[in-house]
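Contents: one structure, followed by commentary.
The values are calculated or read from the model by the stated rules, or taken from the named source; none is laboratory data. On a predicted model such as this, the values are computed, not experimentally measured, just so you know. Every residue, glycine as well, gets a Cβ built from its backbone with ideal geometry; the counts of neighbours run over all protein chains shown.
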Amino acid sequence: MKKYFIFITIICFSCIPNKPPSPGLQGPQGEMGAKGEIGPRGEPGPRGPQGLPGTDGKGIPEDILNSINRLLKDNNNNSEILVDILSYSFGFAPKITGFCFLTNHGRIYKLENKNIKTLGDSVELICKIGNYKDFIAFSRNSNEENIEQYFTAITKSGIIYSSNDLTNWEKIFKVNFTK
């Protein structure tokens, strides 16, 4: 029995390699595989150190600074500016198309195209919607066949006007803002 035990122990220890196996012969490198999906976003890192303070703003030339201040002052004096644009079309044959421009004072200017393929070359005032100086938006519903075309304009204070011909406007609603 003692002989068998020694024999089995010798065989077991002789089968254990004393160095890692060699990888053998390697073939040529294969092509790169397809790029995998992007993994989930990790946690944000720690906040970095605060940067150095910026310059004091005296690098802006004085004439540019004066121009900016003049524009801001003019804008604060309720000057009239363009606030929105929309396209329009009336009729079927010939179709009349163009663009309308709304000012914050409620005036509508139009640029009527010469035909459906040629842009117009003059802008004219067509009407004033109302006596407010805070108009901000101008829109129309779809002009598809069998759908009556309506235009709407709204003031910053929530007054909504409506028209179906761009010249005659009616105050239809006042939005009551809740706090």
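Quick notes on this one:
- Positions within segment 165-179 being closer than 19 Å to Arg107 by Cβ and outside any strand (DSSP E or B), in sequence order: Asp165, Leu166, Thr167, Asn168, Trp169
- Enumerated strands (runs of 3 or more DSSP E) restricted to segment 80-121, each holding at least 2 residues that are surrounded by fewer than 16 Cβ atoms within 10 Å (Cβ to Cβ) and touching a strand residue (DSSP E or B) at 6+ places or on another chain (Cβ under 7 Å): 82-90
- Residue in segment 128-149 that is assigned to a strand (DSSP E or B), over 28 Å from the mean Cα position of the chain (by Cα) and either at pLDDT 90 or above or within 18 Å of Ile81 (Cβ to Cβ) (or both) present: yes
- Any hit, segment 102-123, residues being within 17 Å of Thr152 (Cβ to Cβ), among the aliphatic types (A, V, I, L, M) and at pLDDT 85 or above: yes
- So Glu37, is it in contact with a His (Cβ under 6 Å, 6 or more places away or on another chain) and modelled with pLDDT of 75 or more: no
- Ile85 vs. criteria among the β-branched types (Val, Ile, Thr) and at pLDDT below 85: no
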